[in-house]
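The structure appears below as structure tokens.
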Amino acid sequence: MEAARGGTVPDVLEPGLRVLFCGINPSLMSAATGHHFARPGNRFWPVLHASGFTPRRLRPDEEGELLRYGLGITNVVARATARADEVDHAEFVAGGRRLAQVAADYAPRRLAVVGVTAYRTAFDEKRAQIGAQERRVGGVPVWVLPNPSGLNAHWSLEGMAEEFGRLREAVEGER
């Protein structure tokens with residue numbers, strides 16, 4: 001796993017997505033496998049399904065199928081680390097600028113940042129809470145979701161699925 005430190009994972013991205021999910025940064029497992037949210041304890045894939053975004057639970061190696069559902073994945077910071085606290089403030093700010101450019105270039109209907117602390121740091125929004133944000137990033141409305149990492153123990157799978165479901169309902173309500 002240490003060999004994966006500093007590695008990156010390719011974005012799952014195309015223009016006009018319904019939602020572009022944005023992780024904090026890849027785990028070492030994600031960098032080693034080349035797939036987003038690959039760590040076994042990460043709850044992104046179960047929550048995505050439980051919230052109704054996907055008709056079945058996808059595996060990390062099936063991430064390309066997200067495009068069929070109008071979904072994509074990127075990260076605030078591209079560099080893989082063992083823990084998110086290994087990413088420094090300047091990296092988050094630079095990642096926020098890159099994310100704004102990605103949002104402007106690809107124009108998803110929503111940008112969903114999974115991790116309120118990463119969002120607060122990258123965009124200097126110290127009081128941001130989970131849910132819809134007033135701020136637009138790259139002209140795109142932003143929604144902040146709980147971090148699905150297994151280390152985020154104060155959020156249950158059900159609670160996260162509820163929050164992800166609120167985003168899904170908001171996007172579907174725009175049709």
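Points to keep in mind about this one:
- Length-normalised contact order of the stretch 119-167 in % [C-alpha pairs under 8 Å, at least 6 apart]: 28 percent
- Unit charges on C-beta of K, R, D, E only; dipole of the chain, Debye: 180 debye
- At most 11 other Cβ within 10 Å, DSSP loop - GluC sites (Glu not before Pro), the stretch 127-175: Glu174
- Karplus-derived 3J(HN,Hα) values for the stretch 46-53, using 6.51 cos²θ - 1.76 cosθ + 1.60 with θ = phi - 60°, are x, 5, 4, 6, 4, 8, x, 6 Hz; glycine and proline are entered as x.
- In the stretch 1-148, the DSSP beta bridges split such that about 25 percent are antiparallel, to the nearest 5.
- Relative intensity, log₁₀ I(q)/I(0), of the stretch 1-118 from a Debye sum that treats every alpha carbon as a point, q = 0.16, 0.21 Å⁻¹: -0.72, -1.24
- Inter-part distance where the stretch 54-105 and the stretch 152-175 are each reduced to a Cα centre, Å: 17 Å
- Note on the stretch 59-132: Cα Rg divided by 2.2 N^0.38 Å, N the number of residues, gives 1.17.
- Dividing the mean sequence gap of close Cα pairs (under 8 Å, 6+ apart) by how many residues the stretch 1-140 holds gives a relative contact order of 33 percent.
Read-outs: derived from the displayed coordinates by stated rules, not from any lab. Predicted model, so just to flag it, every value in this text is computed and none were measured. Cβ atoms come from the backbone with ideal geometry, glycine included; neighbour counts cover every protein chain shown.
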